[in-house]
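Here the structure is laid out as structure tokens; the discussion comes afterwards.
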Amino acid sequence: MSLRTRFAPSPTGPLHLGHAYSALLAHDTARAAGGTFLLRLDDLDQSRARPEWAALIESDLAWLGLTWNGPVLRQSDRLPRYRAALAALWDRGLLYPCHCSRRDIEAAASAPQEGAPLHGPDGVIYPDTCRPAQPPGGPLPEGVALRLDMTRAAAAAGLDVTPLCYQETGVADPPGPLGPDHFTRAIGDVALARRGLGASYHLAVVLDDADQSVTHVIRGADLASATPIHVLLQRLLGLPTPIYHHHRLIRDETGRRLAKRDDARAIAAYRAEGRTPADLRALVRLSPPHHLGPNTLGG
Ligand code: GLU
């Protein structure tokens, strides 16, 4: 199958240099391989997503010289798909409702007897406050957060027999085979649905990548630690696992990762200053596409 990749920003603010790098790398990789480049909007959090940010994203990407194949996919249009997957996991006894606020989780995880709180891909590892001894049963509840019972999920995925492996072409130390301990200790019971949002990022990204037949996920190294969650969900849901490439992050002069609030590095700010797309490629140290060699994943 030919290479299919995507860029999936959240329309919650302006794109900055880090996004430009990610989008350009994914786009150039697809084009160099004669493949497909998709644009998807991670707009599940409707309290923060704004149509004007979505419009600016498309305009910034077009200004950078990027073209994408087919219509833009919006996660907010896919809630029934996410719900069906949640129902399937619920029916297998792998989910439970969670009523903890972020503050409850931090307080429980920092109780004196717990030692220093451990952190996983989603921040403080969930201290299992709401985890039931037995799967809850009954119909899938609505409107509440739902967590994956990692002990049951690891067993259902057969991780003790067949640890989880996937291809990672970006980071220097690709993960070895991951057994149940990695998931129960270093990740914990992650949320697959958040209160008021139909699904969490982890569930949505896995279903979207599968439904869009994405063969290569090219994204920042900040998401590398979340990837085992995605590969576990693929195994649980019988979905294919793409190749992952987590690229270096673009940092400011002090070494800090760029964030949405770094307005000075917004693509729109460079555009307003009269900079060119070639200037932005130079700033992120990415050669123009016609200079790409066969190793297009070298970023
Ligand atoms: N929406 C995510 C972000 O902006 C990217 C998700 C992904 O590429 O998997 O960080």
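The values are calculated or read from the model by the stated rules, or taken from the named source; none is laboratory data. It should be emphasised that the depicted structure is a prediction, and the values quoted were computed from it without experimental measurement. Neighbour counts run over all protein chains shown; Cβ positions are idealised from the backbone, glycine included.
Scan the range 35-59 for residues that are in a helix (DSSP H, G or I) and buried (at least 22 other Cβ atoms within 10 Å of the Cβ) and jot them down. If the condition is that a residue be in a helix (DSSP H, G or I) and buried (at least 22 other Cβ atoms within 10 Å of the Cβ), then 57 is the only one that fits. Tallying residues that are farther than 24 Å from residue 102 by Cβ and touching an Asp or Glu at 6+ places or on another chain (Cβ under 6 Å) within the range 138-176 yields 1. Please verify whether the range 175-189 includes one or more residues that are crowded, with 21+ Cβ neighbours inside 10 Å, more than 11 Å from the ligand (Cβ to nearest atom) and of a type in the set (S, T, N, Q). Scanning the range 175-189 turns up no residue that is crowded, with 21+ Cβ neighbours inside 10 Å, more than 11 Å from the ligand (Cβ to nearest atom) and of a type in the set (S, T, N, Q).
Restricting attention to the range 5-58, the residues that are in contact with a Ser or Thr (Cβ under 9 Å, 6 or more places away or on another chain), more than 10 Å from the ligand (Cβ to nearest atom), among the aromatic types (Phe, Trp, Tyr) and touching a residue at least 40 places away in the same chain (Cβ under 8 Å) add up to 1. Determine if the range 223-232 includes at least one residue that is over 22 Å from residue 73 (Cα atoms), buried (at least 21 other Cβ atoms within 10 Å of the Cβ) and β-branched (Val, Ile, Thr). The answer is yes, given that some residue of the range 223-232 is over 22 Å from residue 73 (Cα atoms), buried (at least 21 other Cβ atoms within 10 Å of the Cβ) and β-branched (Val, Ile, Thr).
Might you check whether a residue that is assigned to a loop (DSSP other than H, G, I, E, B), within 11 Å of the ligand (Cβ to nearest atom) and in contact with a His (Cβ under 9 Å, 6 or more places away or on another chain) occurs anywhere in the range 223-243? Checked against the condition, which is being assigned to a loop (DSSP other than H, G, I, E, B), within 11 Å of the ligand (Cβ to nearest atom) and in contact with a His (Cβ under 9 Å, 6 or more places away or on another chain), the range 223-243 yields at least one hit.
Restricting attention to the range 208-222, the residues that are in a helix (DSSP H, G or I) and either without any contact (Cβ under 8 Å) to a residue 60 or more places away in the chain or in contact with a Pro (Cβ under 8 Å, 6 or more places away or on another chain) (or both) total 4.
All of 95, 15 fail the test of being more than 30 Å from residue 131 (Cβ to Cβ) and of a type outside the set (S, T, N, Q), apart from 15. If you filter the range 113-153 down to residues that are of a type in the set (Ser, Thr, Tyr) and surrounded by fewer than 19 Cβ atoms within 10 Å (Cβ to Cβ), you find that the one that is farthest from residue 92 (Cα to Cα) is 129. Among residues that are out of contact with any helix residue (DSSP H, G or I) (no Cβ under 7 Å at 6 or more places or on another chain), closer than 30 Å to residue 228 by Cα and modelled with pLDDT of 70 or more, residue 261 is not included.
Scanning the range 60-89 for residues that are among the small types (Gly, Ala, Ser) and either assigned to a helix (DSSP H, G or I) or crowded, with 17+ Cβ neighbours inside 10 Å (or both) gives 62, 76, 84, 85, 87, 88. Of the conditions (1) surrounded by fewer than 20 Cβ atoms within 10 Å (Cβ to Cβ); (2) on the phi < 0 side of the Ramachandran plot; (3) in contact (Cβ under 8 Å) with a residue 60 or more places away in the chain, residue 247 satisfies every one except a single condition; which number is it? Answer for residue 247: the failing condition is (1).
Residue 165 satisfies every condition listed in (1) closer than 30 Å to residue 31 by Cβ; (2) surrounded by fewer than 15 Cβ atoms within 10 Å (Cβ to Cβ); (3) within 16 Å of the ligand (Cβ to nearest atom) except (3).
Scanning the range 175-207 for residues that are small (Gly, Ala, Ser) and not in a helix (DSSP H, G or I) yields 176, 179, 188, 191, 193, 196, 198, 199, 200. Selection over the range 209-221 of residues that are near the ligand (Cβ under 10 Å from one of its atoms) and surrounded by fewer than 21 Cβ atoms within 10 Å (Cβ to Cβ) gives a count of 1.
Starting from residues that are touching a Pro at 6+ places or on another chain (Cβ under 9 Å) and not in a helix (DSSP H, G or I), keep the ones in the range 1-34 and report whichever is surrounded by the most Cβ atoms within 10 Å (Cβ to Cβ). Applying the filter and picking the extreme gives 5.
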